[in-house]
Structure formats: structure tokens, C-alpha cells
1. Which of the numbered conditions does A:G274 fail, given that it passes all the others? Conditions: (1) surrounded by fewer than 16 Cβ atoms within 10 Å (Cβ to Cβ); (2) in contact with a helix residue (DSSP H, G or I) (Cβ under 7 Å, 6 or more places away or on another chain); (3) part of a helix (DSSP H, G or I).
2. Answer with yes or no whether B:V67 is within 24 Å of the chain's Cα centre (by Cα), of a type in the set (A, V, I, L, M, F, W, C) and surrounded by 18 or more Cβ atoms within 10 Å (Cβ to Cβ).
3. Suppose the filter is at the interface with chain B (Cβ under 7 Å from one of its Cβ atoms), assigned to a loop (DSSP other than H, G, I, E, B) and among the aliphatic types (A, V, I, L, M); does A:M106 pass it?
4. Would you check if A:I18 is of a type outside the set (D, E, K, R), without any contact (Cβ under 8 Å) to a residue 60 or more places away in the chain and surrounded by 18 or more Cβ atoms within 10 Å (Cβ to Cβ)?
5. Can you name every residue in region B:82-112 that is among the acidic types (D, E) and touching a residue at least 12 places away in the same chain (Cβ under 8 Å)?
6. Just checking, does region B:60-73 include any residue being within 25 Å of A:L166 (Cβ to Cβ) and hydroxyl-bearing (S, T, Y)?
7. Among the residues of region B:45-81, count how many are in contact with a strand residue (DSSP E or B) (Cβ under 8 Å, 6 or more places away or on another chain) and among the aromatic types (F, W, Y).
Amino acid sequence: MAFPIEVVLFLFLIASAISVALLEDLFAAAMITGIFSLISAGLFTLMDAVDVAFTEAAVGAGISTVLVLSTLGLTTDREDQRAFHLFPLVVVLITGAALLYGTLDMPLYGDPSAPIHGHVAPDYIVGAMKDFGIPNIVTNVLASYRGYDTLGETVVIFTATIGVLLLLTAGGRERGASKESEGQAHTAHEPPSPMREVVVLRLVSQALIPLILLFAFYVQFHGDFGPGGGFQAGVIFGAGLVLYGLIFGLETLKGVVPPAVLEAGLALGVLLYGGTGVACLLLGGNYLDYAVFDHHSAAHGRHLGILLVEGGVGIAVTCAMTLIFYAFGGRSSIRNGGASQ
Amino acid sequence: MSASLGLWNYWVVIVLMMIGLYIVIARDSLVKKVMGLNIFQVSVIMFYVSMGKVDGGTAPIVPEGGVEGVVFSNPLPHVLMLTAIVVGIATTALALALVVRIQERYGTVEEDEIRDMDFRDTEHGDP
């Protein structure tokens, strides 16, 4: 009986949300946001959404916290507390009351006869093994039944990353004539990462980072049979690289994975996804209808198509997460360089 | 009694959603607003995922014995939400990048101070 665990986790979740609202110290609020994400990942597991929990833990408790902390480093970690305003509270309470009234017509939690379970979901569950031979239903729906949606989501990630790069790395490129001299210019006034000097952090991260990267590959390629897939693997691989960058310094990470490689990989991932669809067209099928890949066994062809598409998603998400980290981490040196112009 | 208690998942979602909404409306710091949006986003994800839960169900992964006699939770909300999380972090990063540029241009991330500066500029006829 999991009910009491869920209630306890929900109470923790609400408590951490309230403390984020009340804290004026933004650094503390950022850390609590990470805890908030971790608790919600636990709740997703209890609600059988293992794939969602995977993603939320890696994104919310890992990358998102790092990004908010980088932003605080570039702006300020204090918030000016103004006088208490009654009006927003009234608006929120009225909205909340209206929504509460709306829930009275909703189906009960866990009700198997709720309308949401009646339309396409049974077809997806039966079709998983019959049409695809892939046990993880979420992977099937993601890459095939709803392949268009996922293509759109991947393109949104691609576009958002380009937006971040345009906003934060502008003015950095033209300073160095070539990539190498630019890298050296950065190293010149980049202080060495202080976390590298902490023995515990260095040793633990040295032991963990290879395992994290290996686990990301497992999640990528085992995503057909267990929880996992391109999105999860991408954020886990990205989180491993971000951890490496945090401990050993941004320049060391840029030496391992140059930004140009990541920029190419970001485009390549989206291209691989879209290209798989075009290949289906050329082989005489519909867009993203993978059955045409194998004329003897449609299920085998679909399996191949899903592997290709998930690979594209994994590459694109890894590159997007790491590039965003580069953009935020490298901003202060661009700003310093820009000030002297 | 049990009928109304069965709706608790929606109530928790609404409480979280309203906390997020309050942060977005009431706080002036742009970084805090982004945190509020994140809480709002998690509440929406929680809403979808909790609707997909089936009593006695299990994670939507077919065991070796096949689908006969096994109750699965609805996989569709899981798919939609897991992509939404990754899209969410990408758009959050975009919002934070805008906040960083605003800090560089205005020297503050407090919304009321930024608004005051914009008004002053307009009064002086300076774009």
C-alpha cells in the first residue's frame, strides 16, 4: 500500500515549494528547487512513470540547479524584499478556488474507467509487442506512434539552444582569430577551478563520471527493454559532462569536448531524426513509418527506425545540455573581455 | 467521504500550481520568477502523470509473459511529459540567458527597478 508514502512525499513537495516562495536568499532557494525536483521524481516513480522520473531527476536535480546557480553567479544571489502585496494573494486564492471547484467533476485517482484510459492507450499497450517487439511501451509511443510530436520537441530544444548561444556567446568569437588562440585567451584570465583542489570532490567525481557516462549509454541502448531512451540518456550524459566541467574547470572540459563538435552534434541529432523520416519516404513508405526498413519483418524495421530516431534524440539532447552549460560558464570571461574593448 | 478523498492528487497539484503562480506574480526578482515557473511546470507534469495512474497498475513495460492479465498505467501521459521536461529545461535556459543579458544591460534583475529605468528613459525622450 503506497498511499502513505505518496502523502508524505507530497507534503515534502509542498513544504519545499513554499520555502522557495519565502526565501530571500536565492542560493538557498536554488538548492531547494533541486530537492523539489528530486522529491517529484520519487513521486513519478510511485505513479509508475519511471521514464518521467529518470528525466526529472537528471534534469531538475542536476542540470537545472547548475544553470540557476550559474545565473546567480552572473547576476546576484540576493532578492530585494518589498512590502507584502495583498492583491497577488487574492488573485491566486480565487484562481485556486475556481480550479478546486473544477476538480469535483474529475475522475478519481487511479480509476481504471477514467476517460483517459479509453481511447488510444489500449491499442498502444497491445501493439507494443505485436507491431514492434519492443517491451517498453513508452519508447514505442515516443518514437513511433507519436513520432511527429517528438520530432517537434527535438526541434524546440535545438531552437532554444541556438537562442541561448546567440544571447550568451555573442562577442566571444570575433576576439580570437582561430579556435586555438581563443581557447588560450580564455585560459589566460580564467581562474583555476577551486573545486579541483578539494580531494573528496575530485576523487569521488573521478570515480563516478565514467560510471555516469556508461550508465547513459546503457539507458540509451537498453531503452527498448527497460526505462530509458534518447531524452533520458541525453540528459544523463550531459549531466556527467557538466559535473566534469564543474570539478575540473570549463577549459579542461572544452579541451575534451570542443564546442564546435557539440554544435555539429546538435544539428546532426536533429538531422538524423528528420533524415530517418525522409529515408522512409524514399523507400516508399509514409514519413516516419519505419516498417519499410525491413521488407521481411515489419516489426524488425520499426525496431531499427526507433533505434535511429532515439540515437538522434540522444545526440541532440547531450549536445544541447552541454552547450547551454558552456554558454553560461563562459559568459563571465566574455564579459570581462568585452569590457576592455 | 472516500469519493472526495480520491481527488487528493488534483488538490496537491493545484496547491503547487498556485504557489508557482504566486511567485511569478508577486516577486520582483526575475530569477525568482523563473523558479516559480519551474514549480508551475512540475505541477502540470504531476497533473498529467497522476491522471495516467491506474489502481494496481504497473510501469508500462511489457514483462516476459506478455500483456495478458497485466494492468499497466497509461503510457501516453508519460511520453508527453518526459519530452516536456527536456523542452522545459531548454526554454528555462533561454529565460535565464535573457535574465543574464538584462542584468548586463540594466545592472539589476528586479522588475520594478527595470520598469522605473524604462520610464525614466521614455520621459527624457531617450529610447
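1. Every condition holds for A:G274 apart from (1).
2. No: the conditions fail for B:V67.
3. Criteria met by A:M106.
4. In short, no.
5. Within region B:82-112, B:E110, B:E111, B:D112 qualify.
6. no
7. 1
This table checks each residue for (1) buried (at least 17 other Cβ atoms within 10 Å of the Cβ); (2) out of contact with any Asp or Glu (no Cβ under 9 Å at 6 or more places or on another chain).
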site: A:M106; (1), (2): no, yes
site: A:Y109; (1), (2): yes, no
site: A:Y124; (1), (2): yes, yes
site: A:V138; (1), (2): yes, no
site: A:Y145; (1), (2): yes, no
site: A:D149; (1), (2): no, yes
site: A:E153; (1), (2): yes, yes
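The values are calculated or read from the model by the stated rules, or taken from the named source; none is laboratory data. Treat the numbers as computed from the prediction; the structure is a model and nothing was measured. Because the Cβ atoms are built from the backbone with ideal geometry, glycine has one as well, and the counts that use them run over all protein chains shown.
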